[in-house]
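Student: Before I ask anything, here is the structure I am working with.
The values are calculated or read from the model by the stated rules, or taken from the named source; none is laboratory data. The shown structure was predicted, so the numbers you read here are calculated from the model rather than taken from an experiment. Positions of Cβ are backbone-derived with ideal geometry, glycine not excepted, and every protein chain shown enters the neighbour counts.
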């Protein structure tokens, strides 16, 4: 799927991943960023304010009239807008349906009506649920997500696939491991840094030791992998895992954060969480994605999980 020289609508442009993607895309494209600022921040993209290749539209994907108006003239969509709070689904069962599934339906409908054919979608490793195959390949099935967030993203993937086959569109779907790095606003590394800045002697940790064991990868690898795979994709509907080639525990993350912050003898206080090491209901206990498919095309991440965490701590402190 060709990227260079396109007019791109980028939803979620003022978010963590979206803002980094905007930085990369404006080098060779015109990018219209679209964000309602519910979790994104203008500060994330204010450095692009004077760039003639970028405009930020503050609006909601749920506003169908505004969405269609702003999409007009764009020939490609990078759809990142979503509610990213996995834990929220246990207390609010509608939020991920509305902000993820219905929002994606609105994007697809606008594309259908305007004749926009190409979409890149950011999905998640949580669509796999708890697998007995680790590292987990894109071909694994059946997919049984254990969180409403994961279910919403899998629903979005299905909708996009159906639209592509029905209305002659093309799509590339990325199933991410945990992305970390500069401008991150949530996640275990961010939480640990903020807690230790408040109290450098004690760290409260969700779950029980050693916590969940997952793959973490740096935002620079995320953006590079996305662009590389999208350019290589020639299918109507394509799927790629993106992550590091290893995994680490929450306990190891805590140790790295303390080390990079120059802290010693920090007391760890585990909450017990949802049991079995999980921090909350719907929290996958072990996750590592197979990235063999993307490796076979000649791409590898620069950082492993520990290096990604260490780089993130340095950027946050």
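Student: Residue by residue through the stretch 137-180, note down the ones that are touching a strand residue (DSSP E or B) at 6+ places or on another chain (Cβ under 8 Å), assigned to a helix (DSSP H, G or I) and buried (at least 23 other Cβ atoms within 10 Å of the Cβ).
Tutor: 150, 156, 160
Student: Being part of a loop (DSSP other than H, G, I, E, B), touching a helix residue (DSSP H, G or I) at 6+ places or on another chain (Cβ under 6 Å) and either surrounded by fewer than 23 Cβ atoms within 10 Å (Cβ to Cβ) or not assigned by TED's automatic domain parsing to the domain that holds residue 85 (or both) narrows it down to one residue among 183, 112; which is it?
Tutor: Sole residue among the options that is part of a loop (DSSP other than H, G, I, E, B), touching a helix residue (DSSP H, G or I) at 6+ places or on another chain (Cβ under 6 Å) and either surrounded by fewer than 23 Cβ atoms within 10 Å (Cβ to Cβ) or not assigned by TED's automatic domain parsing to the domain that holds residue 85 (or both): 183.
Student: So residue 294 clears everything in (1) within 22 Å of the chain's Cα centre (by Cα); (2) surrounded by 17 or more Cβ atoms within 10 Å (Cβ to Cβ); (3) not in a helix (DSSP H, G or I) except one condition, right? Which one?
Tutor: The single condition residue 294 does not satisfy is (3).
Every residue, every condition in (1) touching a strand residue (DSSP E or B) at 6+ places or on another chain (Cβ under 6 Å); (2) in a loop (DSSP other than H, G, I, E, B); (3) in contact (Cβ under 8 Å) with a residue 24 or more places away in the chain, yes or no:
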residue: 246; (1), (2), (3): no, yes, yes
residue: 281; (1), (2), (3): no, yes, yes
residue: 299; (1), (2), (3): no, yes, yes
residue: 303; (1), (2), (3): yes, yes, yes
residue: 310; (1), (2), (3): no, no, yes
residue: 313; (1), (2), (3): no, no, yes
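Student: OK, next. Within the stretch 11-31, track down each residue that is under 21 Å from residue 68 (Cα atoms) and outside any loop (DSSP other than H, G, I, E, B).
Tutor: Once the filter is applied, which keeps residues that are under 21 Å from residue 68 (Cα atoms) and outside any loop (DSSP other than H, G, I, E, B), the stretch 11-31 yields 11, 18, 22, 30, 31.
Student: For the stretch 32-49, enumerate the residues that are farther than 15 Å from residue 103 by Cβ and either in a helix (DSSP H, G or I) or at pLDDT 95 or above (or both). Before you say what the answer is, go through the steps one by one.
Tutor: Of all residues in the stretch 32-49, those farther than 15 Å from residue 103 by Cβ come to 32-33, 41-49.
Hits for the stretch 32-49 are 32, 33, 41, 42, 43, 44, 45, 46, 47, 48.
Student: Tally up the residues in the stretch 200-220 that are in a loop (DSSP other than H, G, I, E, B) and surrounded by fewer than 20 Cβ atoms within 10 Å (Cβ to Cβ), please.
Tutor: Total satisfying the criteria: 5.
Quick grid of which residues meet (1) out of contact with any helix residue (DSSP H, G or I) (no Cβ under 9 Å at 6 or more places or on another chain); (2) within 17 Å of residue 85 (Cα to Cα); (3) free of Cβ contacts under 8 Å to residues at least 60 places away in the same chain; (4) surrounded by 16 or more Cβ atoms within 10 Å (Cβ to Cβ):
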| residue | (1), (2), (3), (4) |
| --- | --- |
| 2 | no, no, no, no |
| 12 | no, yes, no, yes |
| 17 | no, yes, no, yes |
| 21 | no, no, no, yes |
| 28 | yes, no, yes, no |
| 37 | yes, yes, yes, no |
| 41 | no, yes, no, no |
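Student: Is one or more of the residues making up the stretch 72-79 assigned to a loop (DSSP other than H, G, I, E, B), out of contact with any helix residue (DSSP H, G or I) (no Cβ under 9 Å at 6 or more places or on another chain) and surrounded by 15 or more Cβ atoms within 10 Å (Cβ to Cβ)? Please lay out each step first, then the result.
Tutor: We begin by selecting, within the stretch 72-79, every residue assigned to a loop (DSSP other than H, G, I, E, B); these are 72-75.
Okay, now just the ones that are also out of contact with any helix residue (DSSP H, G or I) (no Cβ under 9 Å at 6 or more places or on another chain), so 75.
Add one more test, that the residue is surrounded by 15 or more Cβ atoms within 10 Å (Cβ to Cβ), and what stays is 75.
Yes, some residue in the stretch 72-79 is assigned to a loop (DSSP other than H, G, I, E, B), out of contact with any helix residue (DSSP H, G or I) (no Cβ under 9 Å at 6 or more places or on another chain) and surrounded by 15 or more Cβ atoms within 10 Å (Cβ to Cβ).
Student: Can I ask one more? Would you check if residue 241 is crowded, with 22+ Cβ neighbours inside 10 Å and either within 22 Å of the chain's Cα centre (by Cα) or at positive phi (or both)?
Tutor: Against the criterion (crowded, with 22+ Cβ neighbours inside 10 Å and either within 22 Å of the chain's Cα centre (by Cα) or at positive phi (or both)), residue 241 qualifies.
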